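J.: Mind looking over this structure? Questions follow.
The values are calculated or read from the model by the stated rules, or taken from the named source; none is laboratory data. Note that the structure is a prediction, hence the values are computed from the model and not measured. No Cβ is skipped: glycine too gets one built from the backbone with ideal geometry, and neighbour counts run over all protein chains shown. Note: areas computed on protein heavy atoms with side chains; ligands, DNA, RNA excluded. Shrake-Rupley method; radii C 1.70, N 1.55, O 1.52, S 1.80 Å.
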Amino acid sequence: MPRRLLLIGVNYAPEPTGIGKYSGEMIRWLADNGYECTVITAYPYYPQWKVQEPYVKNRNWYKKEVEGNITVYRCPQYIPADPSGKKRILMDFTFLLSTFLKLLQLLFVKKFDIVMTVVPPFHLGLLGVLYKKVRGAKLFYHIQDLQIEAARDLGMIRTDFLIRLLFKTERYIMKQADVISSISEGMIRKIQQKTGRDIVLFPNWVDVSLFYPLENRASLKTEYGFKMTDKVVLYSGAIGEKQGLEAILYTAAGLKDIQFLICGSGPYKEKLIAMARQQGLQNVIFFPLQPFERFNHFLNMADVHLVIQKANAGDLVMPSKLTTIMAVGGLALITANSDTSLHEVVREQNIGILVAAEDQLALNEGICAAVHNEPGHITGNAREYALNYLAIDKIMVRFEASLR
């Protein structure tokens, strides 16, 4: 009889980036390897911050989807078009409420061997605890982002009492969890400081058969409106405030001979476009999210890939876009300070160019050097690292052993 797993998480396939992408691929791998999987999730909204077609007409009620041995329950939630801190809290609360009602419905219908909750939002772990206590399932608590610290450090939550209450709730969930996992060594160290227990490393991965280096990269540029001789610096991913992407505009203003391409969607995109227009930046181009089937081609086109974060996010959020950049053998320029695990692994493995976070001069100099100098072994090292450490099959085989 196949093992039964219940995943509870707000983000899931077909979201193309971020946590939804990884949760979807994880469930597909487990289903292909003998698990009977059920998912309680939201309607896909990220990174556009609005429900996507063909789900729009059902977005205010529940929906069930069945494909083979995967059953997905979509739950309604409030989605803010302009996600401020307070609006995100409201969004998380509405999803917790609608998910709780769905879990109650399933509580005595089907017995799951494993219940897994994905953070953020961290408080979904309370639902996992409820299911564990009632049905005796094993509880996995997987942390993609240290949400409370990120909200506090980015100023999204400023009330001391509320912050203490959130940390107290989180400690309770972690105490009840049978297994806690996270995506980076730096995050694991921080979680261990809170819990004093072993944490499983479950890093984000990349499909190295779908993302790989192509020949004649310069010729690909013409398909996206550039000349073969143009130097193209690409940022591709979610466009939110925590990335500090306005730094790209400041760099572009002083490096007019370089083309800067910002691709993706998010609540901060319109503000960036307005800023670029106001500054008259002709060398900054904005693209929408690219189709998945063309994404390998698109990434291969760029000369340099930007992985930009603010300093206070450097050890809390492991940038998932970096895994795909490495898979295509791209030259990544990464903002990370020397006390972060991201800086440590990039420096030790020589898989990217490092510059200090929130240091405009360092970013300008780093981009200039990346564009005009030969990358040496960095791009080859990046591809090898992806093959050896980030391939989905290798990561999932190790993680599935912890499920057993």
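J.: Using a 10 Å cut-off on Cβ atoms, rank the peptides 167-178, 209-220 from the highest mean neighbour count down.
T.: 167-178, 209-220
J.: Report the local net charge at VAL51: Lys and Arg +1, Asp and Glu -1, summed over other residues whose C-beta lies under 10 Å from its C-beta.
T.: After counting each charged neighbour, the total is +3.
J.: While we're looking at this one, here's another question. Give me the net charge of VAL355's neighbourhood, meaning all other residues with Cβ under 14 Å from the Cβ of VAL355; Lys, Arg count +1, Asp, Glu -1.
T.: It works out to a net charge of -1.
J.: If DNA, RNA and ligands are ignored and the probe is 1.4 Å, what is the ranking of HIS123, HIS377 by accessible area, most exposed first?
T.: HIS377, HIS123
J.: In degrees between 0 and 90, to the nearest 10, how far off the longest principal axis of the chain does helix 360-372 point, with axes built from Cα atoms?
T.: 70 degrees
J.: Between the stretch 7-53 and the stretch 207-253, how many Å separate their Cα centres?
T.: 26 Å
J.: Over the stretch 64-173, what is the mean sequence separation of C-alpha contacts under 8 Å (at least six apart), divided by residue count, expressed as relative contact order in percent?
T.: 21 percent
J.: Follow-up question, since we're still on this one. If I compute Cα extents along the principal axes in Å from the structure I just sent, which labelled value in (i) 64, 45, 43; (ii) 76, 70, 57; (iii) 81, 50, 41 lines up?
T.: Given (i) 64, 45, 43; (ii) 76, 70, 57; (iii) 81, 50, 41, the structure-derived one carries the label (i).
J.: Just the number, please: carbon plus sulfur as a percent of the accessible area of the stretch 122-199, 1.4 Å probe, no ligands or DNA/RNA counted.
T.: Accessible surface attributable to carbon and sulfur in the stretch 122-199 totals 50 percent.
J.: By accessible area of protein heavy atoms, probe 1.4 Å, what ranking do PHE295, PHE93 get, highest first?
T.: Largest accessible area first, the list is PHE93, PHE295.
J.: Keeping all protein chains in position, work out how much accessible area LEU96 exposes to a 1.4 Å probe, and write it in Å² to the nearest 10.
T.: Roll a 1.4 Å probe over it and LEU96 shows about 40 Å².
J.: How tilted is helix 269-278 with respect to the longest principal axis of the chain? Cα atoms for both, answer in degrees (0 to 90, nearest 10).
T.: Orientation of helix 269-278: about 20 degrees from the principal axis.
J.: Using only the alpha-carbon atoms, how far is helix 392-403 inclined from the longest principal axis of the chain? Give it as 0 to 90 degrees, nearest 10.
T.: 30 degrees
J.: Under the definition of Cα pairs under 8 Å and six or more residues apart, what whole-number percent is the relative contact order of the chain?
T.: Reported as a whole number, the value is 13 percent.
J.: Let me ask you something else. Any chance you could check the Cα centroid distance between the stretch 260-305 and the stretch 112-187 for me, in angstrom?
T.: Centre-to-centre distance over Cα atoms comes out at 33 Å.
J.: Keeping every protein chain in place, order SER265, SER181 by accessible area at 1.4 Å, biggest value first, i.e. largest first.
T.: SER265, SER181
J.: Quote the accessible area belonging to TRP49 in square angstrom, nearest 10, computed with a 1.4 Å probe and with ligands, DNA and RNA left uncounted.
T.: Taking all protein chains as shown, TRP49 has close to 20 Å².
J.: May I pose another question? Tell me, what is the per residue accessible area of the chain in Å², probe radius 1.4 Å?
T.: 44 Å²
J.: Would you list, by chain and number, the lysines whose Cα falls below 30 Å from the Cα of LYS194, excluding same-chain residues fewer than 8 positions away?
T.: Partners found: LYS21, LYS86, LYS87, LYS132, LYS133, LYS138, LYS168, LYS175, LYS242, LYS310, LYS321, LYS394.
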